Structure formats: C-alpha cells, structure tokens
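The block underneath contains the structure these notes are about, expressed in structure tokens.
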Amino acid sequence: MKVMIVGSGGREHAIAASVAKSGRVEKIYCAPGNAGIAQIAQCVPIGAMEFEKIRDFAKENEIGLVIVGMDDPLVGGLVDVLEAAGIRTFGPRKNAAILEGSKAFSKDLMKKYHIPTAAYETFDEAEDALEYLHTQAKFPVVLKADGLALGKGVLICNTLQEAEDGVCTIMTERKFGAAGNRLVIEEFMTGREVSVLSFVDGKTIRIMSSAQDHKRAKDGDQGLNTGGMGTFSPSPFYTPKVDAFCREHIYQATVDAMAAEGRPFVGVIFFGLMLTAEGPKVLEYNARFGDPEAQVVLPRMKNDMVEVCEACIDGRLDQVELEFEDNAAVCVVLASDGYPVKYDKGLPITGLEHFENREDVYCFHAGTKTGEDGKTILTNGGRVLGVTAKGGTLAQARKNAYAAAGWVDFANKYMRQDIGKAIDEA
C-alpha cells in the first residue's frame, strides 16, 4: 500500500514514523512535509490547502490511504474532496471537523448533551461582548476566538481591562483573522490540564494513552501561548477514577452527540480536559492528533497505525484493542529564540546524526527544510524540533529527553527547562 500524509510539522513526522513501522506500507508520501519527514517519505511540493492537487496526486500515484494531520484542511473539507474521488482517507469530514473548527459549536453541543464543560456565552458583536464583561462577568475569564487560530486564539484575562483589550484584539483588530468573527467568553476553570487522544469510527471510540502539554513559551508557565513547548505521556494525574468518569460522561457521549447531530465523526478526537475540584470538564476538542502530544503517544503505541486507521474508516473499530508500551515518554521542543513573536530562520542544525537508528529517542522535525546543497538541514519555523525520549518512568524519560536535547544545536536554539516538572508533584 502507498500512504500519503498531509501536513508539515512534528505531528506529521510522528505519524509518518508510526506508518513506516507497518508491514503493509511500501511507500510513504507527504504533502508538503519537511526535512525530517523526507528521510522516511517522499515529500511533494503541494500545500495542505491545495485540495485538488492533493486529490490528483493521490489518484495518479494510486494512494491507498491518505492521513490528514492538520486542522485547516480537515475543517476546510479535504476529506470530503478525497472521498468524492474514491480515495480512502483518515480524518473527519467537514461537517464533523466543525467540532474543532467552531468553539461556539462545540460549546453548544456540550450544553445540549450535558457533557461537562465551563459555563460560557457566545458573541457575534464586540459591543455585546463588552456589555457582558461590564455587567455579568466574574473574573478571571477566558476569551476564545471561535475559529482556528494555530492554538493561540485563547486569552486568559484577570481583569476587566485585560478582557476589554482581549475583545479588541480578537474581534476589532482581528489578530486571528476570521477566527475572531465570533467570540466565546468562558468561566475560568482551575486544576490540572490533561490531553487524551482517541480513535473514532463514527460510533465506537478507543482511548489512547494520556498526555500533558506545556503551552506557555517560558519556564514556570510564563510568557505567551505557543503551539506547545513540550509534553509527556502518560499523565500521572489521569487516574483510573478520572478515566472511568470520562468514559461514562465525556468520551462516548461526544461520539454519540456528533452522530445524533448527523455529523458522525471518523478520525481522531483530542480531548483537552481540566481536572477541576468538581470533576473532569472539557476545555476543548481538536479534530486531529495533538502537536506535540502525538510525539509522545504514537511512539508508545504497539498497534499497526495503518490497520487502526482502516478500522476507523470501515466502521470496525470495535474489533480493535489499542495497546501501549508500559513505559513513559517526554518531548522537549527546541524552538527558535523569540518564538512565538519574531525569530530568525535558515540556520544550520547540527547533531541530528545522533538520533539515527534509535528506538528509545526520536527527533521529530517541526520547522525544518533542506538547504540548497541538498544535505544541510536548516531551521524553518518557530518550533524547530521535538526531541522525544522513552524511559521506564516519567522521571527517567524526562532525564533522557533533556540529555538528547543537548545532542543537537542551532544558533538561536531555545527550550524550556521544566517540561515534565509536574511529574515531581504527582
């Protein structure tokens, strides 16, 4: 079978590495890919939003399975375009990807089907949002741009002034573009955040191992929101009690709700959970693998990735039992200093050879490209690499990950030093 992956980041590199383990795969393509993915797949110069080009390439090259990694093409309807052309595709159709594409939709869905989440209000006009903040809001509050905003369209506001500025940023200045056409104002929840990925076939859900992300740019969860500076799996805070509650009140309930709405979900649902004093609640849904959560979850999965994807497409996920290694993994993101605001690109990366032919450490490329000489690998983004290491315990995996992060270097290399520090508090 030939498999094509759509996307260009660390998540897609982790997916490609997982697909490459399958005995059923003879060739992997990636559109557009990156310098790391190019070591295990043939990268093709097609953008993730160039739906017709992806479709035509898949037909011409007799692709047996397309895996869509990124949120934008899923929300935009790439799966619908490919399925209409008879191409087997793993990922939700447009009408189901709205679960991530519109925060207002997902909040309304949770309210309708009694899925635990924070109280909220939705606004189409900045004036109405400001009126609500002045008259009814209890601070702190959370402002969320309704649409996709690269994981950065969420603002935590401690004061009325901060909230007013936030409404201006999202709805008036349109810092996140069309994502800010609508605004969700949500109560601020406190507790541990946990990420749980799942495979879904429209009716059956299978839960993957838990993970915990670090969104802020600087140590101690300070600084600006980013796409994620590191993660670890499993989360020690995701206990059997939490799991039992979520299975009963959140996971299957979400799948059933989407089916009841005529939007059967096939693909990956990412559950962003907050473990509050009142119990677990849904912070957000994503309609695809998390990034960098995929970089710690997929290396621990024993199942054949292609077989699981096909079981989802065929509606026979109930016949699959997911298996994960009895260990832990930690991913430390190596970013360009200045991310997520301003940073230099095109800097040579050294030390990548240390990761070759290793099964305990991985270097997933997030923002890289190959230099003009065809050999040198250069930085090409804010998040450059995700260094993942396994260990018998989370503490050992963390130690291994930071040791491996020292093997590789580039001129403006920056990383948080406290990824997985919460492990010590568990």
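The values are calculated or read from the model by the stated rules, or taken from the named source; none is laboratory data. Model, not experiment: these values are computed from the prediction. Heads up, the Cβs are rebuilt from the backbone with ideal geometry, glycines too, and the neighbour counts pull from every protein chain shown. When the accessible area is computed, the model is the full protein with side chains, heavy atoms only, and any ligands, DNA or RNA have been set aside. Shrake-Rupley method; radii C 1.70, N 1.55, O 1.52, S 1.80 Å.
The table that follows gives values for the structure above.
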quantity: Pairwise label distance in nanometres, residue 341 with residue 376, each label 7 Å out on the Cα-Cβ vector; calculated: 2.9 nm
quantity: MRE, 222 nm, helices only [DSSP H, n ≥ 4, -39500 (n - 2.57), over the chain, to nearest 500]; calculated: -7500 deg cm²/dmol
quantity: Whole-number percent relative contact order across the chain, with pairs defined as alpha carbons under 8 Å at least 6 apart; calculated: 16 percent
quantity: Relative compactness, the chain, computed as alpha-carbon Rg over 2.2 N^0.38 Å; calculated: 0.94
quantity: Inter-label distance for residue 359 and residue 190, nm, one decimal - labels placed 7 Å from Cα along Cα-to-Cβ; calculated: 4.6 nm
quantity: Charge dipole of the range 290-379 about the Cα centre (unit charges at C-beta), most positive-ward option of 352, 324, 298; calculated: 352
quantity: Cα-projected label distance for residue 24 with residue 322, points at 7 Å along beta-carbon direction, nm; calculated: 1.8 nm
quantity: Antiparallel DSSP beta bridges within the range 26-168, percent to nearest 5; calculated: 50 percent
quantity: Rounded accessible area of residue 249 (nearest 10 Å², 1.4 Å probe); calculated: 70 Å²
quantity: 19 Å cut-off, amide nitrogen to a point 7 angstrom out along residue 239 Cα→Cβ, residues in the range 248-292; calculated: 248-250, 273-282
quantity: Normalised convex hull volume, the range 233-340, alpha-carbon set, Å³ per residue; calculated: 156 Å³
quantity: Residue of 138, 215, 241 that the Gaussian network model of the chain assigns the largest fluctuation, springs spanning Cα pairs under 10 Å; calculated: 241
quantity: Rg and Dmax of the range 32-139, Cα atoms only, in Å; calculated: 19.5, 59
quantity: Length added when fully stretched, residue 112-residue 221, from 0.36 nm per residue minus Cα-Cα; calculated: 35.9 nm
quantity: Cβ-defined net charge surrounding residue 27, 11 Å radius [Lys, Arg +1; Asp, Glu -1]; calculated: -1
quantity: Lysine pairs within the range 276-426, Cα separation less than 12 Å, 8 or more sequence positions apart or different chains; calculated: 4
quantity: Lys/Arg +1, Asp/Glu -1 at C-beta; the chain dipole; positive extreme among 180, 232, 134; calculated: 232
quantity: Computed lengthening from residue 165 to residue 124, 0.36 nm per intervening residue step minus Cα-Cα distance; calculated: 13.1 nm
quantity: The range 168-224 and the range 43-109: distance between their alpha carbon centers, rounded to Å; calculated: 21 Å
quantity: Choice from 193, 293, 162 with maximal GNM fluctuation in the chain (Cα, 10 Å cutoff); calculated: 162
